[in-house]
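A.B. asks: Shown below is the structure under consideration.
Rule-based calculations on the coordinates, nothing more; no lab input. Note that the coordinates shown come from a computational prediction; the quantities given were computed from them, not determined experimentally. Note that each Cβ is placed from the backbone with ideal geometry, even for glycine, and that neighbours are counted across all protein chains shown.
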Amino acid sequence: MSSKKPPTHTLQNAEITSALVARVKKAQGQLGAVARMLEEGRNCDEVVHQMSAVSKAVHTAAFTLISASLEECILEGKSDQREVSEKLQKLFLSLA
């Protein structure tokens, strides 16, 4: 059995990381609002609208993370660049 670790990438761009953290925290707050809306018995339309906003925020963050990681991967030119790129592409497709 091979002890080779699977290729991975950790986002290095601090500005993008900070923006992603802010987006995820905002989505976390929106999800808390959904829970409160359900507890309060708010109507279905309002709850689903808020759930849609949470979903969009999380998906946008994931797409941004993958896109930025692919860009860094290509620019770094590491020896496992192809494997990392393929893994990131699979992650992208998992969101589609």
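A.B. asks: Out of the residues in the range 17-38 that are touching a residue at least 12 places away in the same chain (Cβ under 8 Å) and farther than 17 Å from M51 by Cβ, state the one that is surrounded by the most Cβ atoms within 10 Å (Cβ to Cβ). Don't jump to the end; show me each part of the working.
C.D. replies: Applying the first criterion (touching a residue at least 12 places away in the same chain (Cβ under 8 Å)) to the range 17-38 yields 19-20, 23-24, 26-27, 30-31, 33-34, 37.
Those still in the list that are farther than 17 Å from M51 by Cβ too: 19-20.
Details: A19: 14, L20: 18.
Among them, the one singled out is L20.
A.B. asks: When L11 is evaluated against the numbered criteria (1) more than 11 Å from the chain's Cα centre (by Cα); (2) surrounded by 13 or more Cβ atoms within 10 Å (Cβ to Cβ); (3) of a type in the set (A, V, I, L, M, F, W, C); (4) in a helix (DSSP H, G or I), which criterion, by number, is the only one it fails?
C.D. replies: For L11, the failing item is (4).
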